[in-house]
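Working notes, beginning with the structure itself.
The values are calculated or read from the model by the stated rules, or taken from the named source; none is laboratory data. None of the values given here were measured: they were computed from a predicted structure. A quick note on method: Cβ atoms are made from the backbone with ideal geometry, for glycine too, and the neighbour counts reach across all protein chains shown.
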């Protein structure tokens, strides 16, 4: 499925405090499961989203280096918590606190990924927006093939200056 070109509308949707978005993907990031909350918030029908790359939700305000970090971690078998802004089918958006984990088979091999996303606290979203704006600005200074590396270097520098890991940053805001 080709990703439709959807311009962001600037309209934000919010999850309810008790709602949980759940999705699963295969090893290549293609959606194999999406719960009803996911479908409702993102505005996709199940038959449209199954088999689509999860990146179909990527909002242009989300730094590419954060997704590289996330993929590096889960492919290494580690869980990740991250604040993410996602794009709805119609161009609206929503923020979530995502918990992404690898799914293992009985032999300990990664066979896919599982993500739970929940309501993010507004203060945490503001802090994430501030960091992400800096990362996007850094990425934009470089060619596409160098932008992720440049953003990652800035992210690691910010975390090093703060004396914390990305996970500690996520839970500190």
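Looking at the range 51-69, which of the residues that are touching a strand residue (DSSP E or B) at 6+ places or on another chain (Cβ under 6 Å) and exposed (fewer than 15 other Cβ atoms within 10 Å of the Cβ) is nearest to residue 152 (Cα to Cα)?
My answer is 61.
Are any of the residues in the range 155-171 closer than 30 Å to residue 51 by Cβ and modelled with pLDDT of 95 or more?
So far as the range 155-171 goes, no, none of its residues is closer than 30 Å to residue 51 by Cβ and modelled with pLDDT of 95 or more.
Which pairs have Cβ atoms under 6 Å, sit 6 or more apart or on different chains, and link a residue in the range 27-44 that is farther than 21 Å from residue 72 by Cβ to one that is at pLDDT below 95 and buried (at least 17 other Cβ atoms within 10 Å of the Cβ)?
none
If a residue must be farther than 18 Å from residue 73 by Cα and either touching a helix residue (DSSP H, G or I) at 6+ places or on another chain (Cβ under 6 Å) or in a helix (DSSP H, G or I) (or both), how many such residues does the range 159-173 contain?
4
Each row is one residue, and each column tells you yes or no for (1) surrounded by 12 or more Cβ atoms within 10 Å (Cβ to Cβ); (2) without any contact (Cβ under 8 Å) to a residue 12 or more places away in the chain; (3) assigned to a helix (DSSP H, G or I).
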site: 116; (1), (2), (3): yes, no, no
site: 123; (1), (2), (3): no, no, yes
site: 127; (1), (2), (3): yes, no, yes
site: 147; (1), (2), (3): yes, no, yes
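Residues that are within 26 Å of residue 140 (Cβ to Cβ): find the strands (runs of 3 or more DSSP E) completely inside the range 1-106 holding 3 or more of those.
Where strands (runs of 3 or more DSSP E) fall fully within the range 1-106 and carry at least 3 residues being within 26 Å of residue 140 (Cβ to Cβ), they are 80-87, 93-104.
Would you be able to say whether some residue in the range 97-105 is free of Cβ contacts under 8 Å to residues at least 60 places away in the same chain, over 30 Å from residue 13 (Cβ atoms) and over 15 Å from the mean Cα position of the chain (by Cα)?
Yes, there is a match, as at least one residue in the range 97-105 is free of Cβ contacts under 8 Å to residues at least 60 places away in the same chain, over 30 Å from residue 13 (Cβ atoms) and over 15 Å from the mean Cα position of the chain (by Cα).
Just wondering, is there one or more residues in the range 130-141 that are over 16 Å from residue 66 (Cβ atoms), in contact with a helix residue (DSSP H, G or I) (Cβ under 8 Å, 6 or more places away or on another chain) and outside any helix (DSSP H, G or I)?
Looking through the range 130-141, at least one residue is over 16 Å from residue 66 (Cβ atoms), in contact with a helix residue (DSSP H, G or I) (Cβ under 8 Å, 6 or more places away or on another chain) and outside any helix (DSSP H, G or I).
Taking into account only those residues within the range 1-47 that are farther than 20 Å from residue 120 by Cα and at pLDDT below 95, which is surrounded by the most Cβ atoms within 10 Å (Cβ to Cβ)?
Only one residue tops the list, namely 6.
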